[in-house]
Amino acid sequence: MLQQALLRRMLASGDGLQQPLRFQAGVVAKYRGIEGAQVIRTRTVGRVAIRGRWSLDMGIVDGASPADAEVQVTLGDLLQRLPEGEREHWIAHLVAEPVSANFLQIKLSSGACIDDGETAAWT
């Protein structure tokens, strides 16, 4: 599986910047109306570019309907290629993965204490 191969590579190198993140495909709609912007795609990959300023390559996963379509961009590309002023726009279109809210709270707050009951056996 490609995702497993990518994870192995990231673990071996210690570089998590190749981790893909998922966004609603509508994130690119903003750029269609900007002068000097280019939004192009094939069936499975695409690019958003603002001439002379920045460009971002992405994977495309079509959904059951156009509203369900998603794009994938690596964390590294978001950090290194996407201007800081564009980041909130992309964050607003993030497709959230199922997560443990308490685990994220621990990660967001150094020293957070979560008391959600007694410990239990892992069954």
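The values are calculated or read from the model by the stated rules, or taken from the named source; none is laboratory data. On a predicted model such as this, the values are computed, not experimentally measured, just so you know. Glycine gets a Cβ as well: all are built from the backbone with ideal geometry, and neighbour counts include every protein chain shown.
Yes or no, residue by residue, for (1) at pLDDT 95 or above; (2) under 20 Å from the mean Cα position of the chain (by Cα); (3) in a strand (DSSP E or B):
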{"residue": "27", "(1), (2), (3)": "yes, yes, no"}
{"residue": "35", "(1), (2), (3)": "no, no, no"}
{"residue": "46", "(1), (2), (3)": "yes, yes, yes"}
{"residue": "52", "(1), (2), (3)": "no, no, no"}
{"residue": "59", "(1), (2), (3)": "yes, yes, yes"}
{"residue": "63", "(1), (2), (3)": "no, yes, no"}
{"residue": "76", "(1), (2), (3)": "yes, yes, no"}
{"residue": "113", "(1), (2), (3)": "no, no, no"}
{"residue": "121", "(1), (2), (3)": "no, no, no"}
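Return yes when residue 40 is touching a Lys or Arg at 6+ places or on another chain (Cβ under 7 Å), part of a strand (DSSP E or B), among the aliphatic types (A, V, I, L, M) and exposed (fewer than 15 other Cβ atoms within 10 Å of the Cβ) and no when it is not. Yes, satisfied. Considered as a group, the residues in segment 68-88 that are charged (D, E, K, R) and surrounded by 10 or more Cβ atoms within 10 Å (Cβ to Cβ) include one that is nearest to residue 22 (Cα to Cα), and that residue is 70. Residues in segment 89-102 that are surrounded by fewer than 11 Cβ atoms within 10 Å (Cβ to Cβ) and more than 12 Å from the chain's Cα centre (by Cα): 98, 99, 100, 101.
Could you list all residues from segment 1-25 that are in a helix (DSSP H, G or I), hydrophobic (A, V, I, L, M, F, W, C) and touching a strand residue (DSSP E or B) at 6+ places or on another chain (Cβ under 7 Å)? If the condition is that a residue be in a helix (DSSP H, G or I), hydrophobic (A, V, I, L, M, F, W, C) and touching a strand residue (DSSP E or B) at 6+ places or on another chain (Cβ under 7 Å), then 17, 25 are the ones that fit.
Annotation note: Cβ proximity below 6 Å between a residue of segment 46-66 that is of a type in the set (Lys, Arg) and a residue that is exposed (fewer than 11 other Cβ atoms within 10 Å of the Cβ) and in a loop (DSSP other than H, G, I, E, B) (sequence gap 6+ or interchain) occurs for 51/36.
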